[in-house]
Amino acid sequence: MGATIEIRSLTKTFGAGDKAVHAFGPVDLTVEAGSFVSLLGPSGCGKSTLMLMIAGLLEPTAGEVCFDGERVNRPRTDIGIMFQDNTLVPWRTVAGNVALQLEMRGLDPKAHAGRIAELLRSVKLEGFAGRHPYELSGGMQQRAAFCQALVHEPETLLFDEPLGKLDAMTRESIRGDLQSLWMKSRPTVVFVTHSIEEAVQLSSVVCVVTPRPGRIERVIEIDLPWPRDMDVKASPAFTGYVHDIQGIFRDYGVL
């Protein structure tokens, strides 16, 4: 089970004086342990800014983030994090890229060879462990990046629009992989997206972020069965959630 994340009066302003840009907040939010929470909002609303503050990669102007009661005051190395552009290095194989996360934490990749093989198998990359990133499609590269984020078995995972650049069919396939990986061990997940359908499909909770300066005005629990397959997506309940959230963004003037 993952960590509980508490966000208290969190605010971020870039610059000062006449050039100050109020980017995000204030926001109060509790991400329960083992939940899958999406931050859903339009481009430029501060979703990624919030994720960077959660990770300890960006200092807030005011407020705080706590993991299980411990305040974040430095970059956290016990989490898994993945961005829209993957961080695979071209001179390493797929397995070598996954192992790199272990090496950076002082762990022996040989002792975790079974874990690496298991992860690659779970995302249908077992036959590509010895290939290099340039030999893979974009979707396969993202699957490898998922394994990279998961290999050290973090209790918390942060995803910043990891599927944003993929085609629709590949995106749907990887959503299924991501659901399976989350359901297996239930880490705490914070997932940034601007896709309403994606947020409803993947999340236990959807946080609706307003246009800049971003604030979380609505927190919506998604009461749908797992896994969220094509049958669930075709259900009236699923389309009802999507329609209701579309209405919220229509009121914001975004849609």
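The values are calculated or read from the model by the stated rules, or taken from the named source; none is laboratory data. Since this is a predicted model, take the numbers as computed values, not measurements. Cβ atoms come from the backbone with ideal geometry, glycine included; neighbour counts cover every protein chain shown.
If the condition is being more than 22 Å from G176 (Cα to Cα) and assigned to a loop (DSSP other than H, G, I, E, B), then the stretch 93-135 contributes T93, R105, G106, L107, D108, G130, R131, H132.
A quick yes/no check of all residues on (1) buried (at least 21 other Cβ atoms within 10 Å of the Cβ); (2) under 13 Å from the mean Cα position of the chain (by Cα):
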{"site": "S122", "(1), (2)": "no, no"}
{"site": "H132", "(1), (2)": "no, no"}
{"site": "G138", "(1), (2)": "no, no"}
{"site": "R143", "(1), (2)": "yes, no"}
{"site": "H152", "(1), (2)": "no, no"}
{"site": "P187", "(1), (2)": "yes, yes"}
{"site": "V192", "(1), (2)": "yes, yes"}
{"site": "A199", "(1), (2)": "yes, yes"}
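Do we find a residue being surrounded by 15 or more Cβ atoms within 10 Å (Cβ to Cβ), free of Cβ contacts under 8 Å to residues at least 12 places away in the same chain and not β-branched (V, I, T) anywhere in the stretch 76-89? No, every residue in the stretch 76-89 fails to be surrounded by 15 or more Cβ atoms within 10 Å (Cβ to Cβ), free of Cβ contacts under 8 Å to residues at least 12 places away in the same chain and not β-branched (V, I, T).
When the stretch 184-241 is filtered for residues that are closer than 24 Å to L166 by Cα and of a type in the set (D, E, K, R), the ones remaining, listed by number, are E197, E198, R228, D229, D231, K233.
What strands (runs of 3 or more DSSP E) lie completely within the stretch 4-44 and have 2 or more residues being more than 21 Å from the chain's Cα centre (by Cα), closer than 20 Å to E70 by Cβ and in contact (Cβ under 8 Å) with a residue 40 or more places away in the chain? Spell out how you get there, then give the answer.
On the way: elements: 5-14, 21-31, 36-40.
In the stretch 4-44, there are no strands (runs of 3 or more DSSP E) which contain 2 or more residues that are more than 21 Å from the chain's Cα centre (by Cα), closer than 20 Å to E70 by Cβ and in contact (Cβ under 8 Å) with a residue 40 or more places away in the chain.
Residues that are touching a Phe, Trp or Tyr at 6+ places or on another chain (Cβ under 6 Å) and at pLDDT 95 or above within the stretch 37-74 comprise just one, S38.
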